[in-house]
Amino acid sequence: MNKHVTPLDPRTTRVPTRRRRRTAAAAVAASALAAMFAVAVPAADANPTGPAAGAHATEAPHAVGPRLQAILNRGVRAPGSELPGVALRVRVPGQGTWSGAAGKARIAPATPMRAGDRFRAGSIMKPFVAAATLQLVEEGKFGLDDPLPAVVPADVVARFPEAAQITVRMLLNHTSGLPEYSDAGFDREVASNPRRRWTVDELLDRAAALPRTSAPGERFGYNNTDYNLLGLILEQATGKPWRAVVRERVFTPLHLRHTSLPRPGHVPSGRDIAHGYMQVDGKLVDLTDVDSSMAGAAGGNALLTTTEDLSRFLRGLLAGRLFQHRETLEAMRTFLATPNDHGRVGYGLGLERYVLPGGVEVVGHMGTGAGYRAFMFHLPAQHIDFSMVTNSPGDPMPVLIPALKLLVAEAS
């Protein structure tokens, strides 16, 4: 890293916020978190049966493993389940690490889901981009409070009349007031032409054509536009593509061996890739081939990873292994208040914070890509790491609620 290192000062100002429009899929996922202790959860099968039960557990089995496997099995087999497959990895104090899977990674030909299968992680891309951005701030390449004209090309600035009032910090914590271009119409375009290569210019043009959601710095409003701009900032500051910057600064130091950023136009293949599906007119449609460019540095299908690597990333990030100064991580974890959106009560510099009924705090990020939903969480009080994926953005409650509830109970 550059020898000119500047420590960051965390900001604690509470920013006025308002509820943003969330997709139905994201709302269901967040709703599952909020409901965790508010519903009765049936006991996990003590002795799961069937040829697949526990077949994908890895590493040393321990007390909680068989019960977690039973939850996975039941979640994909339940009548009306919207989940073709699920994979889970947890790290529990005193019990080590457990990973397992259930259901199908591919429907036709039928292929079992495995704990180490790779998948698209959606907006979990955002903390990766945020970490690389904060490293460059540490090195003095730019400041958190530098405005857009100082960090992106003039043609980008020209799209947004309020650009001079929008700072790097506002992009990181979604207080820029910029609009979200990803709406139902955009989703239909992606599904109808999955291999279309999207350019950042196209995405920013869509955003620029929409009205702003607020004045810069006025309130929280989650959107992909902010992180597309951060991708451009990484490129402007380093002279390298944003994918190369994230690989060098995040993947390599944390040894994320099973994580990649496929280039636009390239569809990764392999027996270890879980296919992603979505319900369309009552049928599960395979969306695995949706191009990695569909949301750029904001997520979408850009990040190909595993539950093991997500757990490794979040653990390394929260331990400060990516930064030179403790203040940088403190800044990242300084959460501005957001409306209580199904349990999410704060957003930092690329990190989400949830407080669940009973006061259980969760830090990390969720992500929804084309055909996938992923969760990357750390429970600070219980010292639990939790990473999960479903290869459909259907309702994750049958797995998410009982798994989290079991883990919290075990740590109590």
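Bear in mind that the values in this text are calculations on the coordinates, not laboratory data. Being a predicted model, the structure only gives us computed values, none of them experimental. Every residue, glycine among them, receives a Cβ derived from its backbone with ideal geometry; neighbour counts consider all protein chains shown.
What to note about this one:
- Once the chain from residue 409 to residue 210 is taken as fully extended at 0.36 nm per residue, the excess over their C-alpha distance is 67.0 nm.
- Region 333-412 - percent relative contact order, Cα under 8 Å, separation 6 or more: 16 percent
- The alpha-carbon of residue 104 sits under 18 angstrom from the alpha-carbons of these lysines, leaving out residues fewer than 8 places away in its chain: 283.
- The ratio of the alpha-carbon radius of gyration of region 259-360 to the globular-protein estimate 2.2 N^0.38 Å is 1.37.
- P(r) weight above 28 Å for region 134-266, C-alpha pairs, percent: 21 percent
- Quarter of the Cα convex hull surface for region 110-150, i.e. its orientation-mean projected area (nm²): 4.8 nm²
- Other-chain or far-sequence residues with amide H under 5 Å of residue 117's (modelled H): none
- With q set to 0.19, 0.23 Å⁻¹, the log10 of I(q)/I(0) for region 94-210, from the Debye formula over equal scatterers at the Cα positions, is -1.14, -1.40.
- A Förster distance of 51 Å, applied to the separation of the beta-carbon atoms of residue 325 and residue 269, puts the FRET efficiency at 0.80.
- Based on the Stokes-Einstein relation at 20 °C and a viscosity of 1.002 mPa s, and on the Kirkwood radius from alpha carbon pairs, region 330-412 is assigned a translational diffusion coefficient of 159 µm²/s.
- Alpha-carbon spread of region 183-252, three principal axes, descending order, Å: 37, 36, 19
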